[in-house]
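Everything below concerns the one structure shown next.
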Amino acid sequence: MIAVAAGVLVAGIWLPAVGGIGLGVVALTDELDLKAKDLEEPPLAQKSTVLDANGKQIAQFYDTYRVVVPLDKVSKIMQDAIISIEDYRFYQHGPIDIEGTIRALAKNLQAGGVSQGGSSITQQYVKQVQLNKAESKAEQDKALEANYARKLNELRYAMGMEQKYSKDEILAKYLNIAYFGAGANGIEAAAKQFFGVSASDLDLAQAATLAGAVQDPNATSPSAGRKARERLLARRDVVIGRMLELKKITPALAAEAKAKPLGYKSTKVLRGGCGTSPYPFFCMYVREDILTNPAFKAFGKTRDAREKYLDNAGLTIKTTINPTMQEAAEKAIRAKVYPTDYPVASQALVEPGTGEIKALATSRKFGDNKRKKQTSVNFVADRAHGGATGFQAGSTFKVFTLLTALDKGYKINDGFNAPGGYRAPGYSSFKDCKGGTRGDPTHTVTNDEGDAGFLTLRTGTEQSVNTFFMTLEQRVGLCDVVTTAKALGIKRSDGLPLQEVESFTLGVNEMDPVTVATAYAAIAARGKYCAPMAVTSITDREGKTTTYEPKCRQAIDEGVADAATDIMSGVFTRGTMSHVGGIGRPAAGKTGTADNSYTAWFGGFTPDLAGAVSLGDPRGPIDHPLRGVTIGGQGYSTVFGADISGRIWKATMLDALKGIKKTPFHPVDSSRFGGCNSCAPKKPERDERDEGDAEVVDLGDEPGQGDGF
């Protein structure tokens, strides 16, 4: 063992620092196989950063918090401090410090084993690389083995390092890989975590603290308590003393630095995940989208592979969220629904023509404190993006029957009598898309107001009459209505197949606001459906940027979309939103109240922005309907779609669209669809209670979600 150690020393390992090598040294080097060996250096784990549409950071993901910086971004005093305490002859020796090794050898011979290091910074870097590469406890232990065999192998790699890189490059690599304690990996993370500054701004006392921490970061981790901080303070002073001894600093500077307190700040910048994001629910949507969306398959074939890549690859992820629109959505919700209310209001804003999600807001606070009614469920999204089972969308689904009728040749003012009750004429009067009969002649759908009389596509939509739409759905075909809905991206929030039942048009399927807002955005875009998107580009650690374009298709006929928009704009002037009013610019929408006010919705759009708002009690809408409730400090005997959801939508749009030029809707082809909105007969204003309720049909959903129209 002594001979091996001596051989290491005799070999000199001074090779990069001298001009020639004696024959004896060469022979001994060959005998010990002390030849430079190339070390595989996997990319260091780095945090991934999430940006809003303006480029401002809103979240970060990581397993290991690290931000790699070049040496010129590390203060000179920090470089001096780490070299002074770890390897003061770093720039003079080769891959091994002979003086330091002789000193350590003497200690080790006395101890009968490896009791003291003497490793150069290059050797320490090699050890850290091997430790970081270890994927198991056994591999980690092997990387830290206290024996000469490991030291020899470490030396071979160190020789390779010094042939491959300059001293400055090696120092930078070491500073970026070293662990400093308190969860900080690398000098930039350590500077931010310990002192809330960048590595370039570290002063003498701070630099000495971090230089002292690397010797035993677990024992001196300031987050471990008072005793650990005392040990770290003592180590800091040792470093300052060593720097003074080496004449790197003056006695005055040393005294001044030692007089300072530790100054540990425990900066929260290290905290990752969505919990610390200003937009936690949007953050959750982005993360789940990357982990599950086929568009990001390059990051891994499985969820686990993608998660590992996302949390370690140092990505910069630019998203679609618009802070102004997000604040508008949150402000509008706060004004109507309290975070501690049992019912939850959620809103999604989507841009027509691109599918870009501009805002995701929920009345609950993000968290796991049940007493404060916090939640980690993303109520605004589907289950695939962290949501739950959703809420029945109610009469917002009548729009899909309207679109189907227009596509089949109905004109805006075509109509028929809408009785007070509707009963299917036979079991085969409704057929799903597999040809199954779904009619129920034993069940009666009713309107609160009774017989509604003669209604047209326009007036039936404005007044949202159940029996009118049941008759219309029967006439145009259940499967065709379902097909229209699917073309506009409609799918259940829980991921199960849509319930293709007789009452489909009354919104018995559970939805999420993102899905409904995206469908309505397609109508605003004249029938062009664009899948919801939250990520516009991802830049990797090497600076390569991948851009993600909208995924759009023409889902419905342009003219059909124009005619439906014209009809839906009347909801604000003569229909169920007339007592709430419009937004001072072209807008169209539809209220949605499920049976017995189990849930309440509003979906609407302008040519520039679409939004959908849901309101329901996550404890279970059947057991906890929106009747006899207090929401946002206001009591309601019965909550309808316009009462809260409609008002949230209106307030949001007024703020979100400030400064955006008013864009008109495309005019209706009157030769094809008949009368336009401006020439339709004016009807008396109706309260949304004319929307009508219907009896409950038990469709066998999961307990607590509730069924209804």
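The values are calculated or read from the model by the stated rules, or taken from the named source; none is laboratory data. Every value quoted in this text rests on a predicted model; they were computed, and no experiment measured them. We place every Cβ from the backbone using ideal geometry, glycine too, and count neighbours over all the protein chains shown. Side chains are part of the model used for accessible areas, which takes the heavy atoms of the whole protein and leaves out ligands, DNA and RNA. Shrake-Rupley method; radii C 1.70, N 1.55, O 1.52, S 1.80 Å.
One table, with the values for the structure above:
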| read-out | value |
| --- | --- |
| Residue 305-residue 496 FRET efficiency (beta carbon distance; Förster radius 30 Å; 0.05 resolution) | 0.65 |
| Per-pair calculated FRET efficiency, R0 = 56 Å: residue 166 and residue 224 via Cβ, rounded to 0.05 | 0.95 |
| Between region 658-674 and region 290-349, the alpha-carbon center distance in angstrom | 32 |
| In region 527-615, the trypsin sites (Lys or Arg not before Pro) that fall in loop regions by DSSP, at most 16 other Cβ within 10 Å | 541, 544, 551 |
| Gyration tensor (alpha-carbon) shape descriptor, region 415-494, a/c threshold 1.5 | oblate |
| Virtual spin-label span in nm between residue 451 and residue 134, 7 Å along Cα→Cβ | 8.6 |
| Span from the region 31-74 Cα centroid across to the region 607-656 one, whole angstrom | 46 |
| Full-stretch length increase - residue 63, residue 427 - with 0.36 nm per residue and alpha-carbon distance subtracted | 125.3 nm |
| Residue-normalised accessible area of region 551-656, given per residue in Å² at a 1.4 Å probe | 25 |
| Sum of -39500 (n - 2.57) over DSSP H runs of 4+, divided by residues of the chain (222 nm, nearest 500) | -11000 deg cm²/dmol |
| Carbon and sulfur %, accessible surface of the chain computed with the full protein complex present, 1.4 Å | 51 |
| Two-site label geometry, residue 672 and residue 413: point separation in nm, points 7 Å out along Cα→Cβ | 2.0 |
| Inter-site label distance for residue 557 and residue 246 at 7 Å from Cα along Cβ, in nm | 8.1 |
| Euclidean distance of C-alpha centroids, region 368-402 and region 204-218, integer Å | 49 |
| In sequence order, calculated HN-Hα J values of region 201-210 (Karplus, 6.51, -1.76, 1.60; Hz; x Gly/Pro) | 10, 5, 9, 4, 4, 5, 4, 5, 4, 5 |
| Cβ-placed point charges (K, R +1; D, E -1), dipole of region 160-215 about Cα centre in debye, nearest 20 | 160 |
| Dipole magnitude (debye, nearest 20) for the chain, charges at Cβ of Lys, Arg, Asp, Glu | 1920 |
| Where region 414-479 is the region considered: accessible area per residue in Å², 1.4 Å probe | 39 |
| Å² of accessible area per residue within region 232-322, as computed with a 1.4 Å probe and no ligands counted | 50 |
| Order of exposure, largest accessible area first, which applies to 530, 433 with probe 1.4 Å | 433, 530 |
| Amide hydrogen neighbours beyond the local backbone of residue 537, cut-off 5 Å, H modeled | 318, 548 |
| Cα long-axis angle, helix 647-656 against the chain (0 to 90 degrees, to the nearest 10) | 50 |
| Size of electric dipole in region 199-285: Cβ of Lys, Arg +1 and of Asp, Glu -1, about Cα centre, debye, nearest 20 | 200 |
| Positive-end residue, the chain charge dipole about Cα centroid, Cβ charges, pick of 350, 571, 503 | 350 |
| Stretch gain in nm, segment residue 541-residue 619, where the contour uses 0.36 nm per residue and the Cα spacing is subtracted | 23.7 nm |
| Low-density loop cleavage sites - GluC sites (Glu not before Pro) in region 236-336, where at most 14 other Cβ are within 10 Å (DSSP) | none |
